[in-house]
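Visitor: Have a look at this one before I ask anything.
What follows draws every value from the coordinates through simple rules; no lab data is involved. Note that this is a predicted model, so its numbers are computed, not measured. Neighbour counts run over all protein chains shown; Cβ positions are idealised from the backbone, glycine included.
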Amino acid sequence: VIKWYVSRILEDQADNKIDKIVTIATPYRGSLKAVEALLPGARNFFGLEAQKAMRRASRTLPGVYQLLPSWGKAVVNKYSSEPVDIFNKDAWQKNLIEKLEKRYGKDFFQEMLNDARSFTDDINKEYKPEIEQRFYYVYGVGSETWKEVKVDPERGNRFEFDKAVEDKEGDGTVHTESSVVNAAERFKDTKKPIELGGQHAEMPNHGAVQDYIVSLFSKSEYLKTFESKI
């Protein structure tokens, strides 16, 4: 939301109106958990324990579609390893398409995907360097996090979540491929991202995260010292 606000609402005024922006485990390029939510259903997503109830709710919410992963190889063809365009409904499981068309109409699913693609394109736009330098990224590492899921076109585009490629470069929900925009350029000099172990939902309540953010917005010499020691 803040990135959309800066790029679409403030536009050229952002340089005068924004001092610093801190994001915590933010899925700029989405999460594979959003794909899971639309297909088998992810437990306890949006506070719903039952997978069936969660799945039905997720399929009608634009925000879930806007969280679809957009980094290079988040979803790939099982046989060619080429990236799959998940913003095209034909890339999805056939049974999902049939269910959505029957319940909500023929154009519903593709319209939701089109909206998500537009939103994602906006979020991934680069800022001017002077704006980009105002962003501070806090993200988690050390938890097994999905990085890639394969699709089997010979089985009706079945998504193989049970064989998902994962590593510990994430917080269990958001991979670092998603949580830091333009990382190589952003941190090439002295500024570094703050890396913290722990699960995604716990990040805002992490004491070190809170102290670090306070330090960024404070003129306290003590907090400046604390920031340098994190």
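Visitor: Report the FRET efficiency, 1/(1 + (r/R0)^6), for Ala201 and Lys17, where r is their Cβ-Cβ distance and R0 is 41 Å, rounded to 0.05. Don't jump to the answer; show the numbers that get you there.
Guide: On the way: r = 31 Å, r/R0 = 0.75.
So the FRET efficiency works out to roughly 0.85.
Visitor: Compute the FRET efficiency between Asp211 and Asp121 as 1/(1 + (r/R0)^6), taking r as their Cβ-Cβ distance and R0 = 30 Å, and round to the nearest 0.05.
Guide: Efficiency for this residue pair is about 0.25.
Visitor: With +1 on the Cβ of every Lys and Arg and -1 on the Cβ of every Asp and Glu, and nothing else charged, how large is the dipole of segment 97-155 about its Cα centre, in debye rounded to the nearest 20? Show your work: numbers first, answer last.
Guide: Details: 11 positive and 14 negative charges, 34 e Å.
Dipole of segment 97-155, to the nearest 20 debye: 160 debye.
Visitor: Roughly speaking, what is the stretch gain from Asp85 to Ala57, that is 0.36 nm per residue apart minus the C-alpha to C-alpha distance, in nm to one decimal?
Guide: Details: separation 28, 0.36 × 28 = 10.08 nm, distance 2.33 nm.
Once the chain is fully extended between Asp85 and Ala57, it gains 7.8 nm.
Visitor: Compute the distance in nm between two label points, each set 7 Å from the Cα along the Cα-to-Cβ direction, one at Asp167 and one at Asn114.
Guide: 3.7
Visitor: Please sort 143-152, 208-217 by packing, taking for each peptide the average over its residues of neighbouring beta carbons within 10 angstrom, highest first.
Guide: Final packing ranking: 143-152, 208-217.
Visitor: Also, quick follow-up: Would you list the P(r) distribution for segment 18-92, with all Cα-Cα distances sorted into 5 Å bins from 0 and each bin expressed as a whole %?
Guide: Spelled out per bin, shortest first, that is 3, 15, 21, 22, 16, 12, 7, 3, 1, 0.
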